[in-house]
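Some notes on the structure that comes next.
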Amino acid sequence: MKVWRKLSPNGRVVAATVTTILAMGSLGWAAVPLYNIFCAVTGYGGTTATASAGSTEILEETVLIRFDASKERGMPWSFKPVQTKMRVRIGETNLAFYEATNPTDEPVAGTASYNVAPYAAGPHFVKIDCFCFNEQILAPGETVSMPVTFYVDPAILDDPEAGDLSEITLSYTFHVTDLPEDYAALGTTLDTDPISADTTTTTTN
């Protein structure tokens, strides 16, 4: 308080402005994880739910699941769903696959963002296991089949916004990410290690 009193009117304006900017920056930094938590809990924006096991209830009602794939600009992989659609019973555990290929001559790492549409289905589309939970690294020329295990929660039928849905679309977008440090270091060692070069030794008497 003593410092504030010693400031001139212009100094007080500058100090207040700086304080406001710092406070807004702090809120902006905190907003990202808070927003992600909010989406995970509420399904806002089509964010799906997760579970460690399947549903204990399987109904006769069915819903059509469509599968979609896309890439951010600059991602060199080819990426597509192995199946484009699947009709499933509500509550039943299902297994679907996506396929990715790295056509380049160097390893590429990627992570997948995801959502479901309509957004109202988000809290009821439950993933038990998914390639999107972890970073994926593809070696040069490598093709991989990546699974996602999921079910549609029977509670969807009690949701006034989602109970009448006949179709749900699951979408993934792959983004390029940095290679892990240990993986990148290994690649550099292999490229520069003289032992890896083809050498011959001739001995003469």
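I'm told residue 123 meets every condition in (1) touching a residue at least 24 places away in the same chain (Cβ under 8 Å); (2) assigned to a strand (DSSP E or B) except one. Can you identify the failing condition by its number?
Here residue 123 clears every test but (2).
May I ask you to list the residues in the range 148-181 that are modelled with pLDDT of 95 or more, in contact with a strand residue (DSSP E or B) (Cβ under 7 Å, 6 or more places away or on another chain) and of a type in the set (A, V, I, L, M)?
148, 152, 165, 168, 170, 176
Go through the range 87-106 residue by residue and tally those that are among the β-branched types (Val, Ile, Thr) and under 10 Å from residue 138 (Cβ atoms). Give the steps one after another, and end with the answer.
Quick first cut of the range 87-106, residues among the β-branched types (Val, Ile, Thr) only: 88, 90, 93, 101, 104.
The next check asks that each one be under 10 Å from residue 138 (Cβ atoms); those that pass are 101, 104.
Final tally of qualifying residues: 2.
Which one of these does residue 81 not meet: (1) surrounded by 16 or more Cβ atoms within 10 Å (Cβ to Cβ); (2) touching a strand residue (DSSP E or B) at 6+ places or on another chain (Cβ under 7 Å); (3) at pLDDT below 95; (4) not aliphatic (A, V, I, L, M)?
Against the list (1) surrounded by 16 or more Cβ atoms within 10 Å (Cβ to Cβ); (2) touching a strand residue (DSSP E or B) at 6+ places or on another chain (Cβ under 7 Å); (3) at pLDDT below 95; (4) not aliphatic (A, V, I, L, M), residue 81 comes up short only on (3).
The values are calculated or read from the model by the stated rules, or taken from the named source; none is laboratory data. Small disclaimer: the values here were computed from a predicted structure and weren't measured. Ideal geometry is used to build each Cβ from the backbone, glycine not excepted, and the neighbour counts take in all protein chains shown.
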